[in-house]
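The values are calculated or read from the model by the stated rules, or taken from the named source; none is laboratory data. Fair warning: this is a prediction, and the values are worked out from it, not measured in the lab. Glycine gets a Cβ as well: all are built from the backbone with ideal geometry, and neighbour counts include every protein chain shown.
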Amino acid sequence: MELIIQNLSKTYPNGVQALKDVNLTIPTGMFGLLGPNGAGKSSLMRTIATLQEADSGSIRLGDLDVFREKDEMRKVLGYLPQEFGVYPKVSAEELLDHFAVLKGIHNSKERKETVASLLQQTNLYEVRKKNLGGYSGGMKQRFGIAQALLGNPKIIIVDEPTAGLDPAERNRFHNLLSEIGENIIVILSTHIVDDVSDLCRNMAIINKGEVLATGEPLQAIEQMQGQIWRKFIKKEELAQHQAEHAVISSRLFAGKTIIHVYADARPGLEFEPVQPDLEDVYFATISGVTRNAPQQRPEAEVIG
Amino acid sequence: MFLNIFLFELKYRLKRPATYIYFFLFFLMALLCVFGVSGVFGGTVIIGGGSSVSVKANSPYQINWVITILSWFGVLVTSAMMGNPVYRDFEHKTHSLFFTTPISKWSYLGGRFWGSFLVTLLVFSGIAFGYIFASAVAPLFPSVEATRFGPFNVMSYVQPFLLIVIPNLLLTGAIFFTLGTLTRNMLAVYIGSVLVLVLYGVSSALTNDLDNDLLANLVDPFGASAVYQTTRYWTAAEQNTLVLPLSQQILWNRLLWDGLAVLLLIICFWRFSFSFFASEGKVRKLRREEAPGIIATAQRISLPKVSQEFSFGRSFGQFWKLTKLEFKGIVRSVYFIAIVVAGIIFLLSTASQIGKIYDTNTYPVTSEVVAILGGTFALFMLIIITFYSGELVWRERDARMNQLYDALPIPNWVPFTSKLVALMGIQVVLMAVVLVCGIIIQAAKGYFNFELGLYVKALFGLQLVDYLLMCALAMLVQVLVNNKYLGHFIMVVYYLANIFKGQLGFEHLLYSYSSDPGAPYSAMNGYGHFVGPFLLFKVYWGAFAIILALVSNLLWVRGTEARLKGRFKLAALQLNRSTLVVLGGAATVFIICGGFIFYNTNVLNEYRDADDNERLQATFEKTYKKYQHLQQPRVVDVYLETDLYPKEREFHFKGYYWLKNKTNVAIDSVHIMLDDNAVIKQLEFARPAKTVLFDKTMGYHIFRLAQPLAPGDSVKLNMDLLYQTKGFKQRSYNTGIVYNGTFINSQLLPHIGYQEALELADDDTRKENGLKPKERMAKVNDLKARQNTYISNDADWINFETVVSTVPDQIALAPGYLQKEWTKNGRRYFHYKMDSPILNFYSFLSADYEVKKDKWNDVAIEVYYQKGHEYNLDRMIKGVKKSLDYYTANFSPYQHRQVRILEFPGYSAFAQAFPNTIPFSESIGFIADVDDKDPEDIDYPFYVTAHEVAHQWWAHQVIGGDVQGSTLMSETMSQYSALMVMKKEYGPERMKKFLKYEMNNYLLGRAGERKKELPLALVENQQYIHYRKGSVVMYALADYIGEDKLNAALKEYVQKVAFQQAPYTNSVEFLSYIRKATPDSLQYLVDDMFENITLYENKATEASAVKQKDGSYKVSLTVDAKKFRADSLGNESPAPLNDYVDVAVITRKKIAGIWQDFPLYLQKQRIKAGQNKIEVIVKEKPERAGVDPLNKLIDRNPNDNTKEVTVKS
């Protein structure tokens, strides 16, 4: 089953165009939606999760028209929004059970089992009787995923799930997601490149409401081979380099500034070649310096 | 730093649209008030106690009330604006940013508080600006008279702000700010406003008892009682000119509550701590349970396969589960509990006021308890509906769980419906709370006749329905506006608009949401015929509520689309078949019920709103006034076969009048007026006559006799009239003929000649309808007017005979003596005949009565009462006996052989005296709970009985002409007679409280006079004068000239005028008898009391005593005395004073186990204007001293008449 998004556009009442003619085909497995803050990731996620209308375009899950059959979509959907709260005075077990009922799991034995099992999987079983108000960010996030997993969803949407988690929590979370992502569609939006490179078989890079690139991370990295160059510079030289070269990123390393430059050939002697990683792909894409970036390929070629 | 934060707060607030919305709403409300008061909407609305037409729309008094009242409603705005300044930082999670900056507590809290305070004050100034603007604009409307407005005076606006608005704002601001800051919860803030309102309510409940003035003033956080107590006796002239003064009451109230405000702010400052609030303490413990580090790669996720079901039945299960969850969520919230507890405290505190008349309790019968508690609790119900509708609609969003919920596979109808049903469930619980409170109150008062069935009917059958309908509306508003606070505000505006909708011209119930024609309860008649129309209206509105709920559901915010436009688009997509079916069904029921209601109110019965009625009256006057002074024959004999059909609510008069030409000219045409509801089967003379005019709408008919009626000749008028009840009317309760407890009177029978009483009376209304202003009554000496009694203008004294029939289980009654009783064809007949002439004024009653009989000499006493209302029968019978004792001894013999008291349903609260017949409302005496041991309790069943029995003399023997002052000889004299009987029975001490009420009601009454106040001798049927002032004046007169002397004069007068023929007596004649009995030295009393409006301003300024060697005390007293004469508008001018006034020295003694005032010295002395020094020697240690301690003279500050004596040894 695939999720096919076609010509999706959305402009907010305040004039911000959140989505510009978005076309995506998302196959089974983990799909990473990578983009900076405010790129339109959450808008896209909410639209897929039936919480927001689009001005035009369509979303189909298999035979299902998401816009017209919201109820059907919700039956197979697991959604973990970017930000959510919980009732602080309710225990995880109670609230999960409550959600289970609302997800249509009416057989109480089944419900009990699935709640217990989800709490086990998300490592919350020990604290299941505790009120959610006392949960840490990571625990709450895992509760969120447990909630999203209720009722055998066919598609799971997780919006920036690892923001604010410590590394251990993040690892734990990634493990969980990758396990889930084997048989169903999992869409993960993030601005952390590593999340995608660690987890996702497919990805799309989105900025300012536009899909800039889609494809497999490895393939994308492969394509960048030999085109990324690195140089240590002084802080003051940055502006000059930006004017002369296609600087895709700059960061500090041991007190010095390292810049990465995108070029077909070595731009100068002081530049040294770098083995590109997904981050370079990402920065190159969103800074718009790539001319042969994957987004220009017809989407049908995206591996499904 | 303070300044920075202060200015930031100002800027922040001034950028918020809410600030301007609130300002504009205040502006608008003030505008509407002024428009209402000045008559832009036609007619005039009265806002604030005691305002009257002669008071200008921009008089300081009127401005003060509008500003004060609107500022109370502004509490809601205050809570939103002042509860929020610090709370906001927590809500937006900016607190950690602010609290870590180097600002001082004072700068932060002070800046936020005063910034918000200033902006809130600006918002409130909208009232003043709205008022000023409206005062400038209103005179431009054609319906507004220019005289409604006086000159602009800025102090009229400033003073209420200084004394009321700003202090209240400081108090409520301090409460809300402190609550918001310390609890960080907006609901806590609302609870604060509820508590403030509770205190206000308790205070107004206390105001009912005159002895509670001080307490009522201090308990009231808004100072309303203080304003009331300061201005209650202001006359129109004073209201027009006086700016609210800083009176004692206002001063003390303001000091107390603003002191509290300052205290609260100090507590807030002291308790507030940046670090305390910034930390979030609980989380740490859990975090430790998981160690960081290497995490075992998760085992394969293997979730048990589950089955999901999405049938309707399953959705219903989800709905039910959510409903329970929401319900529990509310019930368990501390705030709900707090509101309910506050409500219960309020209920229990008002319980002491149940059914109080003259400060004397009634038995806590279930219907009273339900009425009072239901009414009292209504405020809390509305608060709960208003606030919790917002909480429910916003619950998920407030918890930031909306995205989780919205993406769940639950049908759209489930979330909204579950919330609505949960809110409705809360109403059921609250009604149960009222029920339990009611039973507790009854039991606590030792009353155990809990009528559970009645409780259930009243609370769950009647009141609950309204609340359920209100829930639907509140939820719709919340969903529509999608802003919790704006939603609250709109609901409050809605409640207010509801109060004023009549004035705005929305009279028909069909377009007034949740309305019904009312369902008053009577112990005699139950809910009677009101049930059907009530239910029909509720089904009608219920169907409408379902439509509202469906619309709300369609517009329910699911997902992130919150704009109304977008939601309407989504709603259109959701219109599936089942929604349409329900919508169509509800709309069908709505239309059918509406149609049926319309059929009843507008087709079966003619629908007239207030304007229609006024127009009709005006047309009547314009068309027929020309016939007013035509010579007409007079009714001399009445025979009626009166058939009452209580179940069908029909009655039937068949019989005749004998009309006699008492003039000295022949009369060729007879003009007959008849209620337009009567179906005329026959109305014709027993001799040839032609119908010249038959005007059914006006009820005006003219017959020309073939042969004119010669002077002294009589003619028989045969009649056969039917009054039917067809369906139901809009509002006319039609409580005359009911299932049990029919009470109809001679008004429904034909009248001869033009009836001036049907003309429009109010000058404003007359003007609107193109009529000139008219005097209320003819001048006291108008001989033409004195040809009629003030009771009827078509008869003098008549012979009366009637056969009344009713259903077999009821007894039918009418004036006269029972001749015969029989049953025929399943109907019970009673034949009554009066053996002496009576006024043309009679009534018919029928009910399933119990009868208690007694005797006074040869006079039979009978009380016809509702089973269960036995409580005060003995008091009434005693009242009859003592009255007969006193009146026969002092006035004249009793003209009948019988006194009957007949209970009728409490739809009206009065007793009325017909010849030998006294209909007596069930609500004013039958359930009184008089405590004989309490000197403060007034035995009003006894008093009312004595008053009505006195009318057998003062009205039914002595009747004044149709001129000014005539009610002096009926109502005032009946009051006087009853007072004397009461004094004789209970002693003068017990009269004090009663007279205090009479005085208060007189002073309040004159403040609310709509046209002009008149001296007692010229009273124009003004109740506050002939009852209230009359009591005070006559009691004092009896005291000054002696009861016996006064009675002797009265006896002489009665002998002269009893049963006289025209011209009828007037107050001038009456006063001549009084003057004759009054010594020269006291003649001024008659001038002062009867012929002028006289007020005293007596005050004891100093009182001290020195103990003498012989153990006695020499009391030195300084008294400041003033006497005024007032004109009809209340303009006062000083009058010379050299009057006899009681000088008293009082101590407290325990008499019969109760501490009471005991006079050591009580003598009349001459008092002159200004300072009087008086010395008195008394035997015992004095407590208080002063003048006029029993308030015999009319004085607006009776409490300062005496002063505590400082004893120097």
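Looking at the stretch B:274-287, can you tell me whether even one residue there is at the interface with another protein chain (Cβ under 8 Å from one of its Cβ atoms), closer than 30 Å to residue A:73 by Cα, out of contact with any strand residue (DSSP E or B) (no Cβ under 6 Å at 6 or more places or on another chain) and modelled with pLDDT under 65? So far as the stretch B:274-287 goes, no, none of its residues is at the interface with another protein chain (Cβ under 8 Å from one of its Cβ atoms), closer than 30 Å to residue A:73 by Cα, out of contact with any strand residue (DSSP E or B) (no Cβ under 6 Å at 6 or more places or on another chain) and modelled with pLDDT under 65.
Residues that are farther than 15 Å from residue A:122 by Cα and either of a type in the set (S, T, N, Q) or surrounded by 23 or more Cβ atoms within 10 Å (Cβ to Cβ) (or both) are absent from the stretch A:165-174 altogether. Annotation for the stretch B:626-647: no member residue is part of a helix (DSSP H, G or I) and touching a helix residue (DSSP H, G or I) at 6+ places or on another chain (Cβ under 9 Å).
Yes or no, residue by residue, for (1) within 14 Å of another protein chain (Cβ to nearest Cβ); (2) of a type in the set (Ser, Thr, Tyr); (3) surrounded by fewer than 17 Cβ atoms within 10 Å (Cβ to Cβ); (4) more than 30 Å from residue A:182 (Cα to Cα):
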{"position": "B:314", "(1), (2), (3), (4)": "yes, no, no, yes"}
{"position": "B:323", "(1), (2), (3), (4)": "yes, yes, no, yes"}
{"position": "B:361", "(1), (2), (3), (4)": "no, no, no, yes"}
{"position": "B:381", "(1), (2), (3), (4)": "no, no, no, yes"}
{"position": "B:385", "(1), (2), (3), (4)": "no, no, no, yes"}
{"position": "B:391", "(1), (2), (3), (4)": "yes, no, no, yes"}
{"position": "B:395", "(1), (2), (3), (4)": "yes, no, no, yes"}
{"position": "B:402", "(1), (2), (3), (4)": "yes, no, no, no"}
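Restricting attention to the stretch B:1073-1085, the residues that are free of Cβ contacts under 8 Å to residues at least 40 places away in the same chain and in a helix (DSSP H, G or I) total 7. Note on the stretch A:170-204: residues that are in contact with a strand residue (DSSP E or B) (Cβ under 8 Å, 6 or more places away or on another chain), not in a strand (DSSP E or B) and not polar (S, T, N, Q) total 12. The residues in the stretch A:114-150 that are over 13 Å from residue A:86 (Cα atoms), part of a loop (DSSP other than H, G, I, E, B), within 10 Å of chain B (Cβ to nearest Cβ) and not aliphatic (A, V, I, L, M) can be counted, and the count is 2. Restricting B:892, B:908 to those that are part of a loop (DSSP other than H, G, I, E, B) and more than 24 Å from residue B:1047 (Cβ to Cβ) reduces the list to B:908. Residues in the stretch B:576-624 that are outside any helix (DSSP H, G or I) and either surrounded by 12 or more Cβ atoms within 10 Å (Cβ to Cβ) or more than 14 Å from chain A (Cβ to nearest Cβ) (or both): B:605, B:606, B:607, B:608, B:609. Do we have residue B:112 as under 21 Å from residue B:20 (Cβ atoms) and surrounded by fewer than 21 Cβ atoms within 10 Å (Cβ to Cβ) here? No; evaluated as a whole, the condition is false for this residue.
Each residue in the stretch B:1146-1180 was checked for being under 15 Å from residue B:1117 (Cα atoms), in contact with a Ser or Thr (Cβ under 9 Å, 6 or more places away or on another chain) and touching a residue at least 24 places away in the same chain (Cβ under 8 Å), and 9 of them qualify.
Considering the stretch A:136-150, the residues that are among the hydrophobic types (A, V, I, L, M, F, W, C) and more than 16 Å from residue A:73 (Cα to Cα) include one that is nearest to the chain's Cα centre (by Cα), namely A:145.
Looking at (1) modelled with pLDDT under 90; (2) facing chain B (nearest Cβ under 10 Å); (3) under 25 Å from the mean Cα position of the chain (by Cα), which is the one condition that is false for residue A:89? Unmet condition: (3).
Residues of the stretch A:96-113 that are in contact (Cβ under 8 Å) with a residue 40 or more places away in the chain and at the interface with chain B (Cβ under 9 Å from one of its Cβ atoms): A:99, A:100, A:103, A:104, A:105.
The residues listed here are A:266, A:230, A:291; of these, the one that is farther than 23 Å from residue A:187 by Cα, modelled with pLDDT of 85 or more, within 29 Å of the chain's Cα centre (by Cα) and not in a helix (DSSP H, G or I) is A:230.
Specify which of the listed residues (B:1137, B:1162) is buried (at least 19 other Cβ atoms within 10 Å of the Cβ) and of a type outside the set (S, T, N, Q). Testing whether each residue is buried (at least 19 other Cβ atoms within 10 Å of the Cβ) and of a type outside the set (S, T, N, Q) leaves just B:1137.
Taking the stretch B:243-271 as the range and being in contact (Cβ under 8 Å) with a residue 60 or more places away in the chain, in contact with a helix residue (DSSP H, G or I) (Cβ under 6 Å, 6 or more places away or on another chain) and within 27 Å of residue B:1096 (Cβ to Cβ) as the test, the residues that pass are B:243, B:244, B:250.
Scanning the stretch B:188-225 for residues that are of a type outside the set (A, V, I, L, M), within 22 Å of the chain's Cα centre (by Cα) and within 18 Å of residue B:382 (Cβ to Cβ) returns B:200, B:201, B:204. Here the condition is being at the interface with chain A (Cβ under 8 Å from one of its Cβ atoms) and either assigned to a loop (DSSP other than H, G, I, E, B) or touching a residue at least 40 places away in the same chain (Cβ under 8 Å) (or both); of B:415, B:409, it holds for B:409 alone. Pairing each residue of the stretch B:762-791 that is touching a residue at least 24 places away in the same chain (Cβ under 8 Å) and within 30 Å of residue B:38 (Cβ to Cβ) with any residue that is surrounded by fewer than 14 Cβ atoms within 10 Å (Cβ to Cβ) and of a type in the set (Val, Ile, Thr), provided the two are 6+ apart or on different chains, yields no C-beta distance under 7 Å. Residues of the stretch A:151-169 that are at the interface with chain B (Cβ under 8 Å from one of its Cβ atoms) and either within 26 Å of residue A:106 (Cβ to Cβ) or in a helix (DSSP H, G or I) (or both): A:151, A:152, A:167, A:168.
Residue-by-condition table, conditions (1) in a loop (DSSP other than H, G, I, E, B); (2) hydroxyl-bearing (Ser, Thr, Tyr):
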{"position": "B:1045", "(1), (2)": "no, no"}
{"position": "B:1052", "(1), (2)": "no, no"}
{"position": "B:1056", "(1), (2)": "no, no"}
{"position": "B:1060", "(1), (2)": "yes, no"}
{"position": "B:1071", "(1), (2)": "no, no"}
{"position": "B:1109", "(1), (2)": "yes, no"}
{"position": "B:1118", "(1), (2)": "no, yes"}
{"position": "B:1124", "(1), (2)": "no, no"}
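In the stretch B:1023-1036, the residues that are buried (at least 23 other Cβ atoms within 10 Å of the Cβ) reach residues that are not in a helix (DSSP H, G or I) with C-beta atoms within less than 6 angstrom, at least six apart or across chains, in these pairs: B:1025/B:1019; B:1026/B:1019.
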